[in-house]
Amino acid sequence: METDTIAAISTPVGEGGISVIRISGPEAVPVADRIYRGKKSLKDVPTHTVHYGHIVDPAFNEPVDEVLVTVMRKPRTFTREDVVEISCHGGIVPVQKTLELLLDHGARLAEPGEFTKRAFLNGRIDLSQAEAVMDLIRAKTDSAAKVALSQHEGRLSRLIHRLRNEILEILAHLAVNVDYPEYDAEQMTAQLLRERSGHIARELERLLETARQGKIYREGIKTVIVGRPNVGKSSLMNALTHENKAIVTEIPGTTRDVIEEYVNVRGIPLHLLDTAGIRETEDIIERIGVERSHQALAQADLVLLLLNYAEPLIDADRDLLSLVRKYTSIVIVNKTDLPRRINLEEVRRLIGEIPMIMTSLKKEQGIDELEDTLVSLFQLGKVELADETYVSNVRHIHLIRKALESVREVIRGIDAGVPLDMVEIDLKNAWESLGEVIGEAVSEDLIDQIFSQFCLGK
Ligand code: GDP
Ligand code: ZN
């Protein structure tokens, strides 16, 4: 298939001093050379070398920007095509102008994800690695970037390859049994088949267990802070962010600041959600009812409920307490520096298993304990990212679940005495589902759909 030459700005526009334009395809070098003036023609330079020069509009012989140009000839490039990268220095206008010139002189604007798609189609990376590139671009925390990186380096791919090979071995044995029943060299007895399938099922289960953590690292723990007005929600937000971004006021119900932030609590990425309204929970329960409040909370991974140590419990508190019991939550009794008027016995009775922390946010007391509780709640404190293969991509999780279901079907089949050639089909399904994770046997449509989610220029 004939491919054309594509170009796009591959760094975030308007950030930092340098912008990079990437060109890939059979005409990458000649196209760049048409608008480049330097010591040598780019067509004459060795591969993987960097050259200083200027971008010039040939129509007017007018310099556009001072640049460094990197020439990389195939196959040792990201796309396995000829690649030229132009580092521009002059800000947004010259970069846009340079890109326009390239488009005028033989390149086409790349679609989102098209570079990565070419890398995939040319066998440079597999699909899970390509998706990792996408996750990497979106990664919001350091941990998320690490997960995406290790996937990019092929950890998940290797594990999937190994599991697929195991399945293939079983299938090979089965084929011998089914097609040549008289061939008794290495009979795959039902018992052995069951053991092997059980092993694969356990590996898939373990992989899925990491999915939740993978999601957490990628997106952060979605955290909602609830409590009556003036109980200290903004103060808690401040304590967690260590920045005074939220407005703290003396007047009840006046917290109207925009708050949606990522904070790193001992390596745990908290995504503090802006739940305008829910944060003023007293009226919200009256206004929209407990049912709707549930929906608002349902998007949260973690709920932090604040109570006031210096005031008696009121019905609004009790409503909130019964609400948060359904979620992973921590109850924080704040303002312990003031005389106690809350009935702690009643609180304990109402919260059941939910951990309770006492704080004085004003005196900066109890925050350590809150962080301890967070760590133990999510059992992430000791997790070494480098040691685990994480699945964090929704499509992967779905496919691995499907594979696991097929393998369980195999085991159920054997236990029910189903003929071996019947269970063979389920094994093949598992093999195919896993193949889809790494992009073997996926349809053209799916590939397009996946790559279209990329940012431009990747
Ligand atoms: P919100 O309405 O729930 O967001 O509450 P704020 O964080 O705005 O706090 C309301 C008021 O309570 C402010 O004047 C805070 O300074 C004060 N406050 C917050 N935490 C404490 C605390 O631990 N002790 C005392 N005495 N006051 C606090
Ligand atoms: Zn982007």
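Only the coordinates and a few stated rules stand behind these numbers; no lab work does. Nothing here was measured: the structure is a model prediction, and the numbers come from that model. When we count neighbours, we look across all protein chains shown, and the Cβ atoms used for this are built from the backbone with ideal geometry, even at glycine.
Some notes on this structure:
- Shape of the stretch 6-110, Cα gyration tensor, a/c cut at 1.5: rounded
- Point-to-point label distance, residue 362-residue 344, nm (Cα→Cβ direction, 7 Å offset): 1.8
- Exposure proxy ranking for 173, 199, based on other Cβ atoms within 10 angstrom of each Cβ and starting from the fewest, stands as 199, 173.
- Residues in the stretch 25-55 that a label on residue 76 would reach, taking backbone N under 19 Å of a point 7 Å out along Cα→Cβ: 25, 29, 43-51
- In this simple spin-label model, placing a label point 7 Å from the Cα along the Cα-to-Cβ direction at both residue 165 and residue 59 gives a separation of 5.7 nm.
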